[in-house]
Each structure stands twice: as structure tokens, then as C-alpha cells.
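Read-outs throughout are calculated quantities, based only on the coordinates presented, and are distinct from any laboratory measurement. Since the structure is predicted, the reported quantities are computational estimates derived from the model, not experimental observations. Cβ atoms come from the backbone with ideal geometry, glycine included; neighbour counts cover every protein chain shown.
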């Protein structure tokens, strides 16, 4: 059964139509669009097994309801937006669906996942002053109490609990997909990767949290029904080679410079600061007055009669903590807080500003990207790598290939799957361009409609990008003498699939503005070289004339 609809109770009915479009995009759920009639007498390329010239989709129409599924080539989609046009006879129906993994959005996680709790032994050193009240007999024979003090230290080991802010990807995925029925396929080395979540991970919709994990851990994912396939990079390398007019109908190219940024500042490792308030110390004078007023002073005669010898005085001790040190760090000792100014807002221990080398080497302007604040704890090397990945200093290039399903071609040169990497060869290019499949538009039920593939460029290192650009320009200048003969030629295989230079004039019309610009640059450079050569010849002539004299 090609395409059919299935109700939540399990009832099924086929949908007989050839107008089926599936859109796959890297980083998002696939969608399906189906157009069909409730009943139709349209001629089919092949006879229907039930009725040769009449197709009845009325049963499928009755099964259009919330949470119904559309199944096409084994892939399941939740029905989202059905539209029924009753103005035609029979009624025209359009249904759209989204991949069944949409159910991940139905789950809201209200809890937080934290790292493991560790028991950490710490050495605590307490310094305190012991004050002893001892009787003292003066010269006049009067007995008074005097303070005798000494400083002592105590050392002990304290076991403290510490929550590790590092959480593994495996723990996050188990926490995310618990009780959802979703299976995960992920490389073991990627599962063991750790990331810092000081405030914990969670509190959000499961699909949004999955995207956050993909950004934090640096992976990609796609869906096969209810199986989530996770990899560092989805797809295969060297899986296709498309040549314009050879094994596809057309290769189109678009470039976008509006997204370019050359500078960014990132912060990480937030400090723990007090709230924006000021605490005031209590007035010690008031407390002293209250305490002293409660103590009754004995009369002189009574005290002299009762306290005749030193042995009759009881010693009184007063212990005052001077300082507390835990693992070499001093901690507050007094419960009474002093007047302290507090900080407003969050402070960060680490920060780094990255500027693209293309600013200095190519004269690019300084374009600031939005400042990023991470709650996680990173080393400076990790923070620098994060900053570099957030700057988009190369243009976005998008290629569109039409007819890449090879329905109209006899030669097949590629494996078309989302994320695959390969080469593209345009008519007006002398080199193949490396590209990656980012979107596919399929028409699985109609062989007469060509599929469409969209490719995105690779993000490269800016230094390598600049070197490559200079190298290509140098090669173009060196080959200027043979430009008219070679720039439009394709590197065709030894078997000779097609001769693409039968009509040189028609191919000249396909040359874009890029080659016009390059030609102007070459002419300008040629004039400069000619001028420099003339100056060199003049200097040589001057030197030779001076030697003769």
C-alpha cells in the first residue's frame, strides 16, 4: 500500500493519488502534502486493481480526524491541516502532515536534572581566643577580676556535599525520552560527552530541550518514525556527483551576504553574587546596655566578706572565634553582617572577544554579533572555540538541483539522502564545488515530476577560505590566455557522456556576472603588471647607463 490514512483506533483506508509531496529539511521535522479527490474518473497510467477507471477515496475522507496518521513509504505523519473544498464535484481534499516525532512536543518536563552529588573532604582550621576571668589581688588588698587570654587553633576534617554541574549526553537523553516510547541511536563516544549545566537541565518542552542539547553538545539528529538518530554530522561523504545537463536538469546557485558577522564577545563561568540589597549591623552599644543593666553589682562590703581567698573564685571562660579557614580559603565567622555594598547583575569569570582574521586580511568591516552569555563553566580554550563557531564570516551559498531523481536520465551518479556530502559541477565553472544536502523535495508517487534538492555550503576556516580565494584567483589569472577556450569546458569522463561545448555562443550567454567581474579584475591586474614591468625596465636602463659612466 503506497499512501494510506490510519485513525487513532487503528482503522485504515488507502488514498489513491499521485499528487504527494514530501519535504525534508536538515534540523527540522519532515512534512507531507497530499491532494486528492473524494472520487475521480481521471485516467491512470496503470489500471487500479479494484476498478479500472474509477477511484473512490470517500472512505479515506471519513477518516480525517484529529491525531489520524498518514503513512507513506513506511514513514508516519500526524495529520495537521486538512482542507476540503466542497465547491467542486467531487470534493477536492488537501491534507498536510508532520513527522510523527511531533509527539515529543506534547511532553513538558517540569523537573531539573542535576549532576552527581559528590562527598568532598575539606580541612577546617578554626582560630579562636580563649579569655579566662581570674581573681587578682591589688596592693590595697582588694580582689578584682582580670582577663587572661590565649589564642588556640583547632583542625578537623569536614565532609561536604558538592553537586557536579557536568552532565553526560546519555543522562540527558534518558531524562528527555523517559516514558515516550522513543528509541535513540547514538555513538557511544558521543553519549559520554559532558556539558556544564550549573542550574540543571530541564523545565521545557521535550523537543525544545532536544534542540538545546544539539546546540550545547554539537550534534545533529534526524528521525525515522519514533527512532531518533544522533550523530556528530548526519550523512555520508562523497555520496554524489551532479553535473549540470548531464545527470540533472539544472543547478542553480544563490549567495547571501546579509548574515556575515566578524566580531563577537562571549561570557561564561558566572560568579555567585549577593542580591541587590544592603544589610545593616546591629548597634552594639544598645545590646551592651541591655546586658549590663541586667547584671547586679554586689556591694563592696559584702564582696569583701565573702571573697576572702582566690580559691573561692570560680573561673569563667569566654571563647571568641577569630578566623575559620577551609582548604586554604577564609570563610565568614560572624553571624552579624557588616554594611556591605552588593553587586547588581551577574558577573562572569571568563570572557573572550573574537575578531575574524578577514577583517585585517581582506578589509572586511567590523560587524558585531549579539553578545552571548553562557551559564555553563568553560575553559578559555572551550570558550574561544565557542566564539569562533558563532561568527559567520563566510557567505551563505545555496545550490538547487532539479531533476536529481534521475527519472529523465540514464546515468546515476549519487545517493540522495539528507546530510550527504558530495560535489556539484556547474556549466560556467571549471571546478567542482563541495556541497551538502540540506533539503529534499520528493514526489514519490509521480515519476513525471522531478525531485528537487537544496545544498548548503560548508563552513570553513576563514584563513583557509582566504587562501583558497587567492589561489583560485591566481590560477584564473595564469589561465587568462586560454580563457575563451577553457573556461566553458567541463571535465567529462573518459567514456564521454556528452559533449557540452557544441554551441560556444549559447554557452557564452549563460556566463554570469561573476566572470565579468573576474575578467575586469584580470584586466586591471594585467595593466598594473605591465606598468610595474615598465618601471623595472626603466630602472634597469638607468643602472646600465650609470655603470657605463
Original post:
Roughly how many nanometres apart are two label points built 7 Å out from the Cα toward the Cβ at residue 163 and residue 258?
Top reply: 4.3
Original post:
Looking at the range 146-239, what % of its DSSP beta bridges pair antiparallel, to the nearest 5?
Top reply: 65
**OP:** Could you calculate the contour length gain from residue 523 to residue 140, that is, 0.36 nm times the residue separation minus the distance between their Cα atoms, to one decimal place in nm?
**Re:** 126.3 nm
**OP:** Order by neighbour count: 63, 380, 425, fewest other Cβ atoms within 10 Å first, most last.
**Re:** 380, 63, 425
**OP:** Please work out the C-alpha center-to-center distance from the range 235-270 to the range 363-391 and express it in whole Å.
**Re:** 21
Original post:
Taking a ≥ b ≥ c as the square roots of the eigenvalues of the Cα gyration tensor of the range 99-184, is the shape rounded (a/c under 1.5), prolate (a/b larger than b/c) or oblate?
Top reply: prolate
Original post:
Ranked by Cβ crowding within 10 angstrom, fewest neighbours first, how are 33, 140, 394 ordered?
Top reply: 140, 33, 394
**OP:** Treat the count of other C-beta atoms within 10 Å as a stand-in for reagent exposure and order 268, 87, 170 from fewest to most.
**Re:** 87, 170, 268
Subject >> Shape category assigned to the range 189-256 from the gyration tensor of Cα positions, a/c cut at 1.5 >> reply: prolate
